[in-house]
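What follows is a set of notes on a single structure, which appears directly below.
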Amino acid sequence: MIRVEEAEKIILSQVKDFGTESIPFETSSGRVLAEDLIADRDLPPFNRATLDGIAINYGSIEKGIRLFNIKATQAAGDIPVNINSQDECIEIMTGAALPGTADTVIGYEGLQIQNRIAEITTAIINKGNGIHSKGRDSKKNEIVATANQVITPVLINMAASIGKMNLLVKKLPGVVVISSGDELVEVDETPSPFQIRRSNSYMVKAALMQYKICADILHIPDDLEITKQKIGDCLQSYDAIILSGGISMGKFDYIPQALQELSVHKLFHKVQQRPGKPFWFGAHTSGALVFALPGNPVSTFMCLNRFVLQWLKASIGWPCEEKYAILNQDVSFTPSLQYFLQVKLNVNKNGSLTATPFEGNGSGDFANLLDTDAFMELPLEQNNFAKGEVFRVWPFKEIFFL
(Lines give C-alpha, C1' and ligand atoms only; values in the text may rest on other atoms or scores of the structure.)
Protein backbone atom coordinates (compact mmCIF):
# COMPACT_ATOMS: atom_id res chain seq x y z
CA MET A 1 0.00 0.00 0.00
CA ILE A 2 1.37 3.41 -0.99
CA ARG A 3 0.72 6.93 0.21
CA VAL A 4 -1.55 9.35 -1.64
CA GLU A 5 1.36 11.58 -2.64
CA GLU A 6 3.21 8.63 -4.17
CA ALA A 7 0.11 7.50 -6.07
CA GLU A 8 -0.31 11.03 -7.41
CA LYS A 9 3.33 11.16 -8.53
CA ILE A 10 3.06 7.83 -10.35
CA ILE A 11 -0.14 8.84 -12.14
CA LEU A 12 1.23 12.22 -13.20
CA SER A 13 4.33 10.49 -14.56
CA GLN A 14 1.96 9.00 -17.16
CA VAL A 15 0.64 12.36 -18.42
CA LYS A 16 0.43 12.34 -22.22
CA ASP A 17 0.05 14.87 -24.99
CA PHE A 18 -2.65 13.63 -27.35
CA GLY A 19 -1.87 16.19 -30.02
CA THR A 20 -4.10 18.84 -31.54
CA GLU A 21 -7.03 19.11 -33.92
CA SER A 22 -8.86 21.89 -35.71
CA ILE A 23 -12.57 22.33 -34.92
CA PRO A 24 -15.23 24.96 -35.77
CA PHE A 25 -14.97 27.88 -33.38
CA GLU A 26 -18.67 27.82 -32.48
CA THR A 27 -18.36 24.26 -31.09
CA SER A 28 -15.12 24.87 -29.19
CA SER A 29 -16.43 26.03 -25.79
CA GLY A 30 -14.80 24.09 -22.96
CA ARG A 31 -11.88 22.85 -25.06
CA VAL A 32 -8.28 23.97 -24.51
CA LEU A 33 -6.88 26.40 -27.07
CA ALA A 34 -3.65 25.15 -28.67
CA GLU A 35 -2.66 28.26 -30.64
CA ASP A 36 -2.32 31.98 -30.13
CA LEU A 37 -5.07 34.03 -31.75
CA ILE A 38 -3.82 36.96 -33.85
CA ALA A 39 -5.81 40.08 -34.73
CA ASP A 40 -6.38 40.29 -38.49
CA ARG A 41 -6.91 44.06 -38.20
CA ASP A 42 -6.98 46.78 -35.56
CA LEU A 43 -9.59 46.34 -32.83
CA PRO A 44 -11.74 48.31 -33.05
CA PRO A 45 -11.05 48.70 -36.79
CA PHE A 46 -12.25 52.34 -36.83
CA ASN A 47 -12.97 55.19 -34.47
CA ARG A 48 -16.28 54.00 -33.07
CA ALA A 49 -19.08 55.97 -31.43
CA THR A 50 -19.98 54.69 -27.97
CA LEU A 51 -23.02 56.98 -27.57
CA ASP A 52 -26.14 57.90 -29.51
CA GLY A 53 -25.94 61.65 -30.19
CA ILE A 54 -23.97 63.95 -32.46
CA ALA A 55 -20.37 63.86 -33.72
CA ILE A 56 -18.54 67.20 -33.90
CA ASN A 57 -15.06 68.62 -34.18
CA TYR A 58 -13.91 69.80 -30.74
CA GLY A 59 -12.38 72.90 -32.29
CA SER A 60 -15.92 74.25 -32.69
CA ILE A 61 -16.48 74.00 -28.91
CA GLU A 62 -13.23 75.89 -28.30
CA LYS A 63 -14.63 78.68 -30.46
CA GLY A 64 -17.84 78.84 -28.41
CA ILE A 65 -20.17 77.29 -30.96
CA ARG A 66 -23.22 75.63 -29.30
CA LEU A 67 -25.63 75.27 -32.23
CA PHE A 68 -24.95 72.75 -34.99
CA ASN A 69 -26.70 71.95 -38.24
CA ILE A 70 -27.26 68.20 -38.61
CA LYS A 71 -25.74 67.33 -41.97
CA ALA A 72 -26.67 63.63 -41.97
CA THR A 73 -27.77 60.78 -39.74
CA GLN A 74 -25.38 57.86 -39.58
CA ALA A 75 -26.15 54.34 -38.33
CA ALA A 76 -23.69 51.59 -37.45
CA GLY A 77 -22.30 50.16 -40.67
CA ASP A 78 -22.90 53.31 -42.75
CA ILE A 79 -20.09 54.98 -44.67
CA PRO A 80 -18.94 58.00 -42.59
CA VAL A 81 -20.06 61.45 -43.73
CA ASN A 82 -17.51 64.25 -43.29
CA ILE A 83 -18.24 67.60 -41.64
CA ASN A 84 -17.48 70.52 -43.97
CA SER A 85 -17.91 73.51 -41.66
CA GLN A 86 -17.47 74.27 -37.96
CA ASP A 87 -21.19 74.58 -37.28
CA GLU A 88 -22.03 71.18 -38.77
CA CYS A 89 -22.46 67.87 -37.00
CA ILE A 90 -23.42 64.31 -37.80
CA GLU A 91 -26.25 62.65 -35.89
CA ILE A 92 -24.62 59.36 -35.03
CA MET A 93 -25.64 56.04 -33.48
CA THR A 94 -23.68 53.78 -31.14
CA GLY A 95 -21.26 51.56 -33.08
CA ALA A 96 -21.04 53.82 -36.11
CA ALA A 97 -17.68 54.84 -37.57
CA LEU A 98 -16.72 58.45 -36.99
CA PRO A 99 -15.80 60.62 -39.99
CA GLY A 100 -12.21 61.77 -40.06
CA THR A 101 -13.31 65.36 -39.48
CA ALA A 102 -15.02 64.57 -36.14
CA ASP A 103 -13.27 63.83 -32.86
CA THR A 104 -15.95 64.10 -30.14
CA VAL A 105 -19.41 62.62 -29.54
CA ILE A 106 -22.05 64.29 -27.35
CA GLY A 107 -24.91 62.09 -26.16
CA TYR A 108 -28.58 62.93 -26.59
CA GLU A 109 -28.92 63.62 -22.88
CA GLY A 110 -26.67 66.69 -23.35
CA LEU A 111 -28.57 67.99 -26.38
CA GLN A 112 -31.77 69.61 -27.51
CA ILE A 113 -32.63 68.88 -31.14
CA GLN A 114 -35.27 70.75 -33.12
CA ASN A 115 -35.71 71.33 -36.85
CA ARG A 116 -32.43 69.53 -37.66
CA ILE A 117 -30.49 71.87 -35.35
CA ALA A 118 -28.71 70.40 -32.32
CA GLU A 119 -28.09 72.66 -29.36
CA ILE A 120 -25.55 71.59 -26.75
CA THR A 121 -27.08 71.92 -23.28
CA THR A 122 -24.44 70.22 -21.19
CA ALA A 123 -21.74 72.37 -19.61
CA ILE A 124 -18.97 69.80 -19.54
CA ILE A 125 -17.56 68.55 -22.83
CA ASN A 126 -14.23 66.75 -23.15
CA LYS A 127 -12.37 66.25 -26.39
CA GLY A 128 -12.58 62.60 -27.51
CA ASN A 129 -15.69 61.93 -25.44
CA GLY A 130 -17.88 59.03 -26.62
CA ILE A 131 -15.23 57.47 -28.88
CA HIS A 132 -13.65 54.04 -28.79
CA SER A 133 -10.45 54.77 -30.72
CA LYS A 134 -9.19 52.62 -33.58
CA GLY A 135 -6.69 50.00 -32.41
CA ARG A 136 -7.15 50.86 -28.75
CA ASP A 137 -7.89 47.23 -27.78
CA SER A 138 -5.40 45.52 -30.10
CA LYS A 139 -3.30 46.33 -33.14
CA LYS A 140 -3.25 44.27 -36.31
CA ASN A 141 -1.02 41.15 -35.93
CA GLU A 142 -1.00 41.40 -32.13
CA ILE A 143 -1.86 38.35 -30.00
CA VAL A 144 -5.40 38.75 -28.67
CA ALA A 145 -5.63 35.37 -26.88
CA THR A 146 -2.79 33.09 -25.83
CA ALA A 147 -2.71 29.32 -26.18
CA ASN A 148 -3.26 26.89 -23.30
CA GLN A 149 -6.42 28.41 -21.90
CA VAL A 150 -9.93 26.99 -21.69
CA ILE A 151 -12.15 28.36 -24.43
CA THR A 152 -14.97 30.43 -22.96
CA PRO A 153 -17.90 32.30 -24.55
CA VAL A 154 -15.78 35.48 -24.36
CA LEU A 155 -12.95 33.81 -26.27
CA ILE A 156 -15.42 32.57 -28.88
CA ASN A 157 -16.55 36.17 -29.26
CA MET A 158 -12.94 37.17 -29.92
CA ALA A 159 -12.45 34.36 -32.45
CA ALA A 160 -15.53 35.53 -34.33
CA SER A 161 -14.29 39.14 -34.22
CA ILE A 162 -11.03 38.25 -35.96
CA GLY A 163 -12.68 35.92 -38.50
CA LYS A 164 -11.19 32.74 -37.03
CA MET A 165 -13.59 30.08 -38.31
CA ASN A 166 -11.60 27.12 -36.96
CA LEU A 167 -9.55 26.85 -33.78
CA LEU A 168 -6.65 24.55 -33.02
CA VAL A 169 -7.43 22.78 -29.76
CA LYS A 170 -5.89 20.08 -27.59
CA LYS A 171 -7.05 16.64 -28.67
CA LEU A 172 -9.02 14.61 -26.13
CA PRO A 173 -8.19 11.03 -25.14
CA GLY A 174 -10.53 8.20 -25.99
CA VAL A 175 -12.01 6.87 -22.75
CA VAL A 176 -14.17 3.87 -21.89
CA VAL A 177 -15.87 3.40 -18.51
CA ILE A 178 -16.35 -0.25 -17.51
CA SER A 179 -18.53 -1.58 -14.73
CA SER A 180 -18.53 -5.20 -13.61
CA GLY A 181 -20.61 -7.51 -11.48
CA ASP A 182 -23.65 -9.75 -11.87
CA GLU A 183 -25.45 -7.79 -9.15
CA LEU A 184 -25.78 -4.79 -11.48
CA VAL A 185 -28.67 -4.30 -13.89
CA GLU A 186 -29.32 -1.54 -16.42
CA VAL A 187 -31.03 1.67 -15.40
CA ASP A 188 -34.32 0.85 -17.16
CA GLU A 189 -34.53 -2.64 -15.63
CA THR A 190 -36.31 -3.61 -12.42
CA PRO A 191 -33.71 -5.10 -10.07
CA SER A 192 -34.41 -8.12 -7.92
CA PRO A 193 -34.36 -7.62 -4.14
CA PHE A 194 -30.64 -8.44 -4.22
CA GLN A 195 -29.57 -6.41 -7.23
CA ILE A 196 -28.88 -2.72 -7.86
CA ARG A 197 -28.95 -0.53 -10.95
CA ARG A 198 -25.72 0.52 -12.63
CA SER A 199 -24.99 4.10 -11.68
CA ASN A 200 -21.24 4.58 -11.16
CA SER A 201 -20.52 4.43 -14.89
CA TYR A 202 -22.96 7.23 -15.61
CA MET A 203 -21.55 9.32 -12.77
CA VAL A 204 -18.04 8.95 -14.23
CA LYS A 205 -19.27 9.65 -17.75
CA ALA A 206 -21.05 12.81 -16.57
CA ALA A 207 -17.91 14.05 -14.78
CA LEU A 208 -15.86 13.55 -17.95
CA MET A 209 -18.41 15.48 -19.99
CA GLN A 210 -17.40 18.60 -18.05
CA TYR A 211 -14.14 18.33 -20.02
CA LYS A 212 -15.96 17.61 -23.30
CA ILE A 213 -15.04 13.92 -23.22
CA CYS A 214 -17.87 11.65 -24.31
CA ALA A 215 -16.79 8.31 -22.83
CA ASP A 216 -18.16 4.97 -23.97
CA ILE A 217 -19.77 2.69 -21.39
CA LEU A 218 -19.34 -1.07 -21.14
CA HIS A 219 -20.47 -3.68 -18.61
CA ILE A 220 -18.82 -7.06 -18.04
CA PRO A 221 -20.18 -9.98 -16.00
CA ASP A 222 -18.34 -11.87 -13.25
CA ASP A 223 -16.55 -14.15 -15.69
CA LEU A 224 -12.76 -14.22 -16.04
CA GLU A 225 -12.60 -15.08 -19.75
CA ILE A 226 -15.20 -12.50 -20.76
CA THR A 227 -13.45 -9.95 -18.55
CA LYS A 228 -10.11 -10.64 -20.28
CA GLN A 229 -11.64 -10.51 -23.75
CA LYS A 230 -13.54 -7.24 -23.20
CA ILE A 231 -10.69 -5.43 -21.44
CA GLY A 232 -8.23 -6.76 -24.04
CA ASP A 233 -10.29 -5.21 -26.83
CA CYS A 234 -10.45 -1.90 -24.96
CA LEU A 235 -6.67 -1.83 -24.45
CA GLN A 236 -6.29 -1.63 -28.22
CA SER A 237 -9.07 0.90 -28.80
CA TYR A 238 -8.84 3.52 -26.02
CA ASP A 239 -6.27 5.79 -24.41
CA ALA A 240 -7.70 5.32 -20.93
CA ILE A 241 -9.86 2.68 -19.29
CA ILE A 242 -11.74 3.55 -16.11
CA LEU A 243 -13.06 0.52 -14.25
CA SER A 244 -15.45 0.68 -11.33
CA GLY A 245 -15.55 -2.29 -8.98
CA GLY A 246 -14.14 -5.81 -9.06
CA ILE A 247 -10.67 -4.97 -7.73
CA SER A 248 -10.92 -6.03 -4.08
CA MET A 249 -10.24 -9.44 -2.53
CA GLY A 250 -13.56 -11.13 -3.33
CA LYS A 251 -13.72 -14.48 -5.12
CA PHE A 252 -15.49 -12.87 -8.06
CA ASP A 253 -13.19 -9.85 -8.33
CA TYR A 254 -11.49 -10.99 -11.54
CA ILE A 255 -10.19 -7.66 -12.78
CA PRO A 256 -6.70 -7.72 -11.14
CA GLN A 257 -6.10 -11.25 -12.51
CA ALA A 258 -7.41 -10.28 -15.95
CA LEU A 259 -5.16 -7.22 -16.08
CA GLN A 260 -2.15 -9.31 -15.08
CA GLU A 261 -2.84 -11.93 -17.76
CA LEU A 262 -3.31 -9.15 -20.33
CA SER A 263 0.21 -7.87 -19.49
CA VAL A 264 -1.01 -4.60 -18.02
CA HIS A 265 1.89 -3.44 -15.87
CA LYS A 266 0.66 -2.73 -12.35
CA LEU A 267 2.09 0.57 -11.14
CA PHE A 268 0.33 0.35 -7.79
CA HIS A 269 -2.54 -1.38 -6.03
CA LYS A 270 -4.01 0.01 -2.80
CA VAL A 271 -3.55 3.53 -1.53
CA GLN A 272 -3.32 4.59 2.12
CA GLN A 273 -6.59 6.53 2.02
CA ARG A 274 -10.25 6.45 2.93
CA PRO A 275 -12.38 6.10 0.93
CA GLY A 276 -10.81 4.32 -2.05
CA LYS A 277 -8.09 2.15 -0.53
CA PRO A 278 -8.30 -0.66 -3.18
CA PHE A 279 -7.49 1.74 -6.07
CA TRP A 280 -5.43 0.03 -8.83
CA PHE A 281 -3.44 1.78 -11.58
CA GLY A 282 -1.42 0.40 -14.46
CA ALA A 283 -0.17 0.85 -18.04
CA HIS A 284 -0.23 -1.36 -21.11
CA THR A 285 2.30 -1.61 -23.93
CA SER A 286 -0.38 -0.25 -26.30
CA GLY A 287 -0.10 3.03 -24.39
CA ALA A 288 -3.46 2.64 -22.71
CA LEU A 289 -3.72 3.50 -19.03
CA VAL A 290 -5.99 1.61 -16.65
CA PHE A 291 -7.61 3.29 -13.66
CA ALA A 292 -9.38 0.56 -11.68
CA LEU A 293 -11.48 2.32 -9.05
CA PRO A 294 -13.22 0.74 -6.05
CA GLY A 295 -16.89 -0.04 -6.68
CA ASN A 296 -18.47 1.82 -3.79
CA PRO A 297 -19.90 5.05 -5.25
CA VAL A 298 -18.14 7.50 -2.92
CA SER A 299 -14.84 5.65 -3.40
CA THR A 300 -15.27 5.74 -7.16
CA PHE A 301 -16.11 9.43 -7.14
CA MET A 302 -13.30 10.43 -4.79
CA CYS A 303 -10.62 8.56 -6.76
CA LEU A 304 -12.00 10.02 -9.98
CA ASN A 305 -11.75 13.60 -8.69
CA ARG A 306 -8.48 13.23 -6.79
CA PHE A 307 -6.51 11.23 -9.35
CA VAL A 308 -8.15 10.53 -12.71
CA LEU A 309 -9.32 14.07 -13.44
CA GLN A 310 -5.98 15.46 -12.31
CA TRP A 311 -4.23 13.24 -14.90
CA LEU A 312 -6.78 14.23 -17.52
CA LYS A 313 -6.42 17.97 -16.92
CA ALA A 314 -2.62 17.73 -17.05
CA SER A 315 -2.83 15.78 -20.33
CA ILE A 316 -5.16 18.19 -22.13
CA GLY A 317 -3.70 21.40 -20.71
CA TRP A 318 -6.65 22.29 -18.49
CA PRO A 319 -5.53 24.62 -15.67
CA CYS A 320 -5.41 22.92 -12.28
CA GLU A 321 -5.46 25.53 -9.53
CA GLU A 322 -5.09 24.26 -5.97
CA LYS A 323 -7.96 25.23 -3.69
CA TYR A 324 -7.96 25.41 0.10
CA ALA A 325 -10.74 25.90 2.64
CA ILE A 326 -11.07 26.63 6.33
CA LEU A 327 -12.48 23.78 8.40
CA ASN A 328 -15.33 25.27 10.42
CA GLN A 329 -15.71 22.56 13.07
CA ASP A 330 -13.49 20.01 14.82
CA VAL A 331 -13.04 16.59 13.20
CA SER A 332 -11.33 13.42 14.45
CA PHE A 333 -10.16 10.46 12.36
CA THR A 334 -8.08 7.73 13.97
CA PRO A 335 -7.20 5.11 11.29
CA SER A 336 -3.73 5.46 9.75
CA LEU A 337 -5.18 6.58 6.44
CA GLN A 338 -5.36 9.86 4.54
CA TYR A 339 -8.97 10.91 4.99
CA PHE A 340 -11.03 12.58 2.28
CA LEU A 341 -13.83 14.23 4.20
CA GLN A 342 -17.01 15.23 2.38
CA VAL A 343 -17.68 18.93 2.95
CA LYS A 344 -20.14 21.65 2.06
CA LEU A 345 -18.35 24.77 0.80
CA ASN A 346 -19.36 28.34 1.49
CA VAL A 347 -17.74 31.75 1.17
CA ASN A 348 -17.81 33.79 4.39
CA LYS A 349 -18.15 37.57 4.68
CA ASN A 350 -14.35 37.92 4.55
CA GLY A 351 -14.26 36.20 1.17
CA SER A 352 -12.68 33.00 2.54
CA LEU A 353 -13.77 29.52 1.49
CA THR A 354 -15.09 27.51 4.44
CA ALA A 355 -15.87 23.81 4.72
CA THR A 356 -18.63 22.18 6.78
CA PRO A 357 -18.05 18.42 7.31
CA PHE A 358 -20.62 15.79 6.36
CA GLU A 359 -19.72 12.44 7.88
CA GLY A 360 -22.17 10.30 5.87
CA ASN A 361 -22.61 6.55 6.19
CA GLY A 362 -19.49 5.23 4.54
CA SER A 363 -18.32 4.80 0.96
CA GLY A 364 -21.65 3.37 -0.16
CA ASP A 365 -23.59 6.48 0.84
CA PHE A 366 -23.75 8.16 -2.56
CA ALA A 367 -26.89 10.11 -1.56
CA ASN A 368 -24.72 12.12 0.81
CA LEU A 369 -22.76 13.44 -2.19
CA LEU A 370 -25.84 15.43 -3.21
CA ASP A 371 -25.50 17.61 -0.10
CA THR A 372 -21.77 18.22 -0.39
CA ASP A 373 -19.49 20.14 -2.75
CA ALA A 374 -15.98 18.77 -2.28
CA PHE A 375 -13.61 16.33 -0.63
CA MET A 376 -11.31 17.88 1.96
CA GLU A 377 -7.94 16.10 2.08
CA LEU A 378 -6.87 15.64 5.70
CA PRO A 379 -3.20 14.77 6.34
CA LEU A 380 -2.22 11.22 7.25
CA GLU A 381 0.01 12.44 10.08
CA GLN A 382 -2.88 13.91 12.10
CA ASN A 383 -5.83 12.37 13.92
CA ASN A 384 -7.47 15.54 15.21
CA PHE A 385 -8.32 18.47 12.94
CA ALA A 386 -9.31 21.70 14.62
CA LYS A 387 -11.81 24.32 13.57
CA GLY A 388 -9.97 27.12 11.77
CA GLU A 389 -7.28 24.90 10.22
CA VAL A 390 -6.83 25.14 6.44
CA PHE A 391 -6.66 22.08 4.18
CA ARG A 392 -6.78 21.37 0.47
CA VAL A 393 -10.16 20.67 -1.09
CA TRP A 394 -11.16 18.89 -4.30
CA PRO A 395 -14.42 20.52 -5.47
CA PHE A 396 -16.85 18.54 -7.60
CA LYS A 397 -19.84 20.88 -7.85
CA GLU A 398 -19.98 23.17 -10.88
CA ILE A 399 -20.01 26.39 -8.85
CA PHE A 400 -16.59 25.53 -7.41
CA PHE A 401 -15.38 23.54 -10.40
CA LEU A 402 -12.97 25.86 -12.20
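The values are calculated or read from the model by the stated rules, or taken from the named source; none is laboratory data. The model shown is predicted, which means the values in this text are computed figures rather than measured ones. Glycine gets a Cβ as well: all are built from the backbone with ideal geometry, and neighbour counts include every protein chain shown.
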Next on the checklist: Given the condition assigned to a loop (DSSP other than H, G, I, E, B) and at pLDDT 95 or above, answer yes or no: does some residue in segment 153-160 qualify?
Outcome noted: no
Checklist entry - Within the bounds of segment 115-122, is there any residue that is of a type in the set (S, T, N, Q), surrounded by fewer than 18 Cβ atoms within 10 Å (Cβ to Cβ) and at positive phi? => result yes
Checklist outcome for this item: Over segment 104-144, the set of residues more than 30 Å from LEU37 (Cα to Cα), among the polar types (S, T, N, Q) and in contact (Cβ under 8 Å) with a residue 12 or more places away in the chain is THR104, THR122, ASN126, ASN129
Checklist entry - Can you name the residue in segment 183-228 that is farther than 23 Å from SER299 by Cα and not in a loop (DSSP other than H, G, I, E, B) and, of all such residues, is modelled with the lowest pLDDT? => result LEU224
Item to check | Condition check for ASN346: of a type outside the set (A, V, I, L, M) and without any contact (Cβ under 8 Å) to a residue 12 or more places away in the chain | outcome: yes
Checklist entry - Would it be correct to say that GLU189 is of a type outside the set (Phe, Trp, Tyr), out of contact with any His (no Cβ under 6 Å at 6 or more places or on another chain), without any contact (Cβ under 8 Å) to a residue 24 or more places away in the chain and loosely packed, with under 15 Cβ neighbours inside 10 Å? => result yes
Item to check | Among residues of segment 153-189, those that are in contact with an Asp or Glu (Cβ under 8 Å, 6 or more places away or on another chain), of a type in the set (Val, Ile, Thr) and closer than 30 Å to ASP233 by Cα, counted | outcome: 4
Checklist outcome for this item: Of (1) surrounded by 14 or more Cβ atoms within 10 Å (Cβ to Cβ); (2) touching a Phe, Trp or Tyr at 6+ places or on another chain (Cβ under 9 Å); (3) under 27 Å from LEU309 (Cα atoms), THR20 fails just (2)
Checklist entry - So how many residues does segment 252-309 have that are in a helix (DSSP H, G or I) and of a type in the set (A, V, I, L, M, F, W, C)? => result 11
Next on the checklist: Of the conditions (1) in a strand (DSSP E or B); (2) under 46 Å from the mean Cα position of the chain (by Cα); (3) surrounded by 15 or more Cβ atoms within 10 Å (Cβ to Cβ); (4) not small (Gly, Ala, Ser), CYS89 satisfies every one except a single condition; which number is it?
Outcome noted: (2)
Next on the checklist: Given the condition of a type outside the set (S, T, N, Q), crowded, with 16+ Cβ neighbours inside 10 Å and within 20 Å of LYS171 (Cα to Cα), answer yes or no: does some residue in segment 318-332 qualify?
Outcome noted: yes
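Residues to consider are GLY59, GLY95, GLY64, GLY77; find the one that is assigned to a loop (DSSP other than H, G, I, E, B), out of contact with any strand residue (DSSP E or B) (no Cβ under 9 Å at 6 or more places or on another chain) and farther than 21 Å from THR146 by Cβ. Break it down into steps so the answer makes sense when it comes.
Values: GLY59 fails: assigned to a loop (DSSP other than H, G, I, E, B); GLY95 fails: out of contact with any strand residue (DSSP E or B) (no Cβ under 9 Å at 6 or more places or on another chain); GLY77 fails: out of contact with any strand residue (DSSP E or B) (no Cβ under 9 Å at 6 or more places or on another chain).
Matching residue, one of GLY59, GLY95, GLY64, GLY77: GLY64.
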Checklist outcome for this item: Picked from segment 92-109 (must be among the hydrophobic types (A, V, I, L, M, F, W, C) and over 18 Å from ILE65 (Cα atoms)), the residue surrounded by the fewest Cβ atoms within 10 Å (Cβ to Cβ) is MET93
